[in-house]
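Peer 1: Sending over a structure as structure tokens; questions will come in a sec.
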Amino acid sequence: MAMTSSLLTPDERSLDRTALDVLFHEARTANGFLTQPVSPDTLRDIVESTKMAPTAMNALPLRVVFVTTEEGRARLIPALMPGNVAKVEAAPVTAILARDLEFHEHLPRLFPHAPQAYFDGARANAEPMSLQNATLQAGYFILAARAHGLDAGPMGGFDAEKVDAEFFPEGTRKSILLVSLGYADSSKTFPRNPRLNFEEIASFA
């Protein structure tokens with residue numbers, strides 16, 4: 001029987017160094033990819049993992065389109081900045097991450113113990129709430145991709161209006177990020193850039 005995290009001690013819940021390296025310390029942004037394909041089951045696993053991480057009111061506003069075909073790439077490439085074209089052409093998958101402005105329609109099912117006023121508030125604040133929580137989920141998505149053995153190349157260099165017109169013409173979803181997925185070509189990985197130290201990032205109050 002699988003044990004839930006609440007039944008594990010803090011030490012048992014802590015990931016070992018190998019897992020931390022896969023997710024954070026040794027993980028790199030992929031700038032080129034091998035020709036090895038990505039299984040649809042792996043993509044499903046990434047979404048299934050992503051959806052389990054927290055969002056406000058369990059809103060889950062992230063929506064994903066996996067671009068895997070030449071036809072799909074041909075629709076996406078005109079919206080890219082020139083520097084991102086080669087990455088999308090090489091990647092077996094590029095995920096379009098978007099936010100659903102009508103996420104609140106699912107709240108009675110996803111957050112059933114809340115009164116109607118909560119749902120009305122989410123509807124009235126759909127724009128900022130969808131942006132904040134789908135962006136949060138985008139981070140989970142990248143970590144889930146790494147956890148399931150893939151390399152990820154997140155990209156903000158694209159014309160969101162063009163992507164939305166092409167892939168979300170109904171107007172209820174807005175793209176926030178592209179993430180190319182696959183198995184990285186290490187010869188195209190850039191040297192790691194410096195990071196801020198702890199004291200520059202964090203403080204205590």
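Rule-based calculations on the coordinates, nothing more; no lab input. For clarity, every value in this text was computed on a predicted model and none was experimentally measured. Neighbour counts are summed over all protein chains in view; Cβ atoms, including those assigned to glycine, are modelled from backbone coordinates with ideal geometry.
Peer 1: Given points 7 Å out from each Cα along the Cα-Cβ axis, report the LEU8 to SER49 separation in nanometres with one decimal.
Peer 2: Inter-label distance under the simple model: 1.3 nm.
Peer 1: Quick one: compute the contact order of segment 34-182, relative version, from alpha carbon pairs under 8 angstrom and 6+ residues apart, as a percent.
Peer 2: On the way: 221 pairs, mean separation 54.4, N = 149.
Relative contact order, segment 34-182: 36 percent.
Peer 1: Right, next: Using the Cα centre of the chain as the reference point, and only Cβ charges (+1 on K/R, -1 on D/E), how large is the resulting charge dipole? Debye, rounded to the nearest 20. Present the calculation step by step, with values, prior to reporting the outcome.
Peer 2: On the way: 19 positive and 25 negative charges, 21 e Å.
In debye, rounded to 20, the chain gives about 100.
Peer 1: Based on other C-beta atoms within 10 Å, arrange ARG75, ARG44, ARG63 from fewest to most. Don't jump to the answer; show the numbers that get you there.
Peer 2: On the way: ARG75 15, ARG44 12, ARG63 21.
Lowest to highest Cβ neighbour count: ARG44, ARG75, ARG63.
Peer 1: So, one more: Along the positive direction of the dipole of the chain (beta-carbon charges: Lys, Arg +1; Asp, Glu -1; about the Cα centre), which of LEU43, HIS106, HIS25 reaches farthest?
Peer 2: Highest projection toward the positive end goes to HIS25.
Peer 1: Straight-line reach from LYS51: which lysines fall under 28 Å, measuring Cα to Cα and dropping same-chain residues less than 8 apart?
Peer 2: Result set, ordered by chain and number: LYS87, LYS162, LYS174.
Peer 1: Further question on the same structure: Once you put a point 7 Å from the Cα of GLU71 and another 7 Å from the Cα of TYR118, both along the Cβ direction, what distance in nm separates them?
Peer 2: Going by the 7 Å Cα→Cβ label model, 4.2 nm.
Peer 1: Exposure proxy check: HIS106, HIS113 ranked by fewest other beta carbons within 10 Å?
Peer 2: Values: HIS106 15, HIS113 5.
Final ranking by Cβ density, sparse to dense: HIS113, HIS106.
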